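The values are calculated or read from the model by the stated rules, or taken from the named source; none is laboratory data. Not measured: the values here are computed from a predicted model. Backbone-built Cβ (ideal geometry, glycine too); neighbour counts: all protein chains shown.
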Amino acid sequence: MVVIRMARGGAKKRPFYHIVVTDSRSRRDGRFIERLGFYNPIGAVAELRINKERAAYWLSQGAQPSDTVAGFLKKEGVSKTGVASA
């Protein structure tokens, strides 16, 4: 099964996450198929950047997002049918 989830990076006590498409059997920070964006929770304002077109493509192909990533995608207006215009 293909999933969309976050892979942790960054230093100790300074997390940084890549939003990746991967096989569900791969390790959290292991091999991935495609990197869709990133989430940086550290700083004055948390920064989130997602390639909406590619995320919509993977959702249409049956990829299952994690709960956290599903929230990010909903916030960005991405669904299985495509990107909602803002």
So, of the residues in the stretch 27-50 that are of a type in the set (A, V, I, L, M, F, W, C) and loosely packed, with under 11 Cβ neighbours inside 10 Å, which turns out to be farthest from the chain's Cα centre (by Cα)?
Ala44
Do the conditions hold for Val69, that is, is it in contact with a Lys or Arg (Cβ under 8 Å, 6 or more places away or on another chain), within 25 Å of Thr81 (Cα to Cα) and modelled with pLDDT of 95 or more?
yes
Could you list, in sequence order, all residues of the stretch 1-26 that are surrounded by fewer than 16 Cβ atoms within 10 Å (Cβ to Cβ) and of a type in the set (Gly, Ala, Ser)?
Gly9, Gly10, Ala11, Ser24, Ser26
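Is it true that Thr81 is polar (S, T, N, Q) and either in contact with a Gly (Cβ under 7 Å, 6 or more places away or on another chain) or modelled with pLDDT of 95 or more (or both)?
Taking the combined requirement at face value, the residue does not satisfy it.
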Residues of the stretch 48-86 satisfying the condition of being of a type in the set (A, V, I, L, M, F, W, C), assigned to a helix (DSSP H, G or I) and under 19 Å from Gly10 (Cα atoms):
Val69
